[in-house]
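Novice: One structure is given below, represented as C-alpha cells, and several questions about it will come after.
The values are calculated or read from the model by the stated rules, or taken from the named source; none is laboratory data. Only a predicted model underlies this, so the values are computations on that prediction, with no experimental measurement involved. Ideal geometry is used to build each Cβ from the backbone, glycine not excepted, and the neighbour counts take in all protein chains shown.
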C-alpha cells in the first residue's frame, strides 16, 4: 500500500503495466487521477446476453463502458493497448457461485468463449470530488472504500438477480450536497448517490463491518453517503451460480484510457 500511494503510476499505462508485472496487487483508488477506472466481469458467451440485459436494466450499479467479443481480451473502446487478462491488480474466480481463487492474472484461465464486461466505477468521480474540495475518507486513509450489500433488489434478467451493493463515503451535510451536484454529472460511473444517512433503511446494520473493502470512521456531524457500486455483479453471481464467472477483486480496478471529463454530462 505504501508503494501504491508513493506518487508512482500516474497514467493508465503505468498502472496497467504495474499490475501486469505484479508490482501492483492491491486497491487502485487515487491512482492515475483524472482517468476512468472500471469493474470487470467475464462470463461464457452462453450467459453474456442475459448479463448484458441485466446491465441495461440496472444502469446505476452496472453502467457499461465496453463489452468485448468472445475470446478477445482487448477492450478496444476504452483501452485499445490493454489486456484484460493481466492489467487489473487482482481477480476473483467464481464457480457455481463460490469464490475459488484470487489470481493476479487470467492467462491460465482464459477461454475462447469468454466475454468481458467493463463497468464504470465510482473511483472515477473521486478526482472530481477532490477538485471540488470534497474530502474522500478512504483516500485520506490510504485504504479501500467500504462496500455493503443492501436489501434493495436489482431488476432481474435471465438467471441474474440479487441485491444492490453500495459504496459508502462519510461526509458533512454540506459536502454531501456538493457531492450530489458533482457526481450527478457522471452517470457512466454510477452518478449521484442512491441513499444518504439511515443505513438501516437499506439493510445495513453496522457501518464498521463492510461486506467488501475496509471500514472507515464516521466522525461526529457526518452522514454516510451511499453510491451504487460495480461490485453488485459479484453478489449477483453468488446468487446465480453460473459454472464459471470471473471478476476483478473489489477495489482492484482496471484503469481505462478514458478521461473523467469524457464521461461527464452537463
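Novice: Taking residue 83 and the conditions (1) in contact (Cβ under 8 Å) with a residue 40 or more places away in the chain; (2) within 17 Å of the chain's Cα centre (by Cα); (3) under 23 Å from residue 29 (Cα atoms); (4) surrounded by 15 or more Cβ atoms within 10 Å (Cβ to Cβ), which numbered condition does it fall short on, given that it satisfies the others?
Specialist: That leaves (2) as the condition not met.
Novice: On the given criteria, is residue 88 in contact with a strand residue (DSSP E or B) (Cβ under 9 Å, 6 or more places away or on another chain) and either within 12 Å of residue 253 (Cβ to Cβ) or at pLDDT 95 or above (or both)? Give the steps one after another, and end with the answer.
Specialist: On the way: in contact with a strand residue (DSSP E or B) (Cβ under 9 Å, 6 or more places away or on another chain): yes; either within 12 Å of residue 253 (Cβ to Cβ) or at pLDDT 95 or above (or both): yes.
When the stated conditions are applied, residue 88 passes them.
Novice: Tell me the residue from 149, 185 that is closer than 28 Å to residue 16 by Cβ and not assigned by TED's automatic domain parsing to the domain that holds residue 77, please.
Specialist: Going through 149, 185 in turn, just one is closer than 28 Å to residue 16 by Cβ and not assigned by TED's automatic domain parsing to the domain that holds residue 77: 185.
Novice: Count, please, the residues in segment 103-132 that happen to be farther than 15 Å from residue 254 by Cα and out of contact with any helix residue (DSSP H, G or I) (no Cβ under 8 Å at 6 or more places or on another chain).
Specialist: Going through segment 103-132 one residue at a time, the tally reaches 7.
Novice: A further question follows. Considering 94, 110, which residue is in contact (Cβ under 8 Å) with a residue 12 or more places away in the chain and either assigned to a loop (DSSP other than H, G, I, E, B) or closer than 15 Å to residue 39 by Cα (or both)? Talk me through it step by step, then tell me what you get.
Specialist: Numbers: 94 fails: either assigned to a loop (DSSP other than H, G, I, E, B) or closer than 15 Å to residue 39 by Cα (or both).
Just one listed residue meets the conditions, 110.
Novice: Just one of the numbered conditions (1) closer than 19 Å to residue 258 by Cα; (2) touching a helix residue (DSSP H, G or I) at 6+ places or on another chain (Cβ under 6 Å); (3) in a loop (DSSP other than H, G, I, E, B) is not true of residue 74; which one?
Specialist: Here residue 74 clears every test but (2).
Novice: Right, next: Where residues in segment 211-228 are assigned to a loop (DSSP other than H, G, I, E, B) and buried (at least 21 other Cβ atoms within 10 Å of the Cβ), which of them is nearest to the chain's Cα centre (by Cα)?
Specialist: 213
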